[in-house]
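Before any comments, here is the structure.
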Amino acid sequence: MSHSHHMMTNSVDHTSTMPPSHHHPTTEASHHHGGGDGNMMMMHMTFYFGYKNVELLFYGLVINTAGEMAGAFVGVFLLAMFYEGLKIAREGLLRKSQVSIRYNSMPVPGPNGTILMETHKTVGQQMLSFPHLLQTVLHIIQVVISYFLMLIFMTYNGYLCIAVAAGAGTGYFLFSWKKAVVVDITEHCH
């Protein structure tokens, strides 16, 4: 691996306001990341629409054609949809696995100095149980997917950013309508 881009030469630009000892190739306008074998990739810091040399999550996973970008768009879209579905599925599993139910009554001030009793239902689950272990594994998967989606968005590629947003929106639309709406029956102000 050549480190020649780090070596100083006698052709230092003396018109610069920085001392020669601070001159470094990465301070120039085109900051590159990658290996030293000539296959350097430019890291975009603004949104752009393109499909050439788009690095996606892993070393060697590079988009170079319109077809590859279309495939990546579909894959990212489905991953974002899955992420939204997983969030809703975890909520449903949590509701099904709640085992201990406790009712608590507490006095609250009412109108004209009266005292009203308000009842709250508290539910929970056991720590050493299969449902809690399953929730933990699903939580880890959800966190990893969320970071993948964040890193994909941080490529600043417009197509991939649209895939993340559209997939998340579609997933929410398809899965969130099943969410149970909690209505407090003890609420007196309607």
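The values are calculated or read from the model by the stated rules, or taken from the named source; none is laboratory data. All of these numbers come straight from a predicted model, not from anything done at the bench. Neighbour counts run over all protein chains shown; Cβ positions are idealised from the backbone, glycine included. Heavy atoms of the whole protein, side chains included, go into the accessibility calculation; ligands, DNA and RNA do not. Shrake-Rupley method; radii C 1.70, N 1.55, O 1.52, S 1.80 Å.
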Exercise. Using a 1.4 angstrom probe with every protein chain in place, what is the largest-first accessible-area order of V144, V108?
Worked result: V144, V108
For this session: Hey, can you grab everything whose amide H is under 5 Å from the amide H of E55? Only 5+ residues off in sequence or another chain; H modelled, so Pro and N-termini drop out.
Result: I63
For this session: Could you state how much accessible area H132 has, in square angstrom rounded to the nearest 10, with a 1.4 Å probe and all protein chains kept in place?
Result: 60 Å²
For this session: Any chance you could look up the accessible area of K52 with a 1.4 Å probe, heavy atoms only, rounded to 10 Å²?
Result: 140 Å²
Seminar exercise, completed: Output ordering of 57-67, 163-173 (per-residue mean of other Cβ within 10 Å, highest first) is 163-173, 57-67
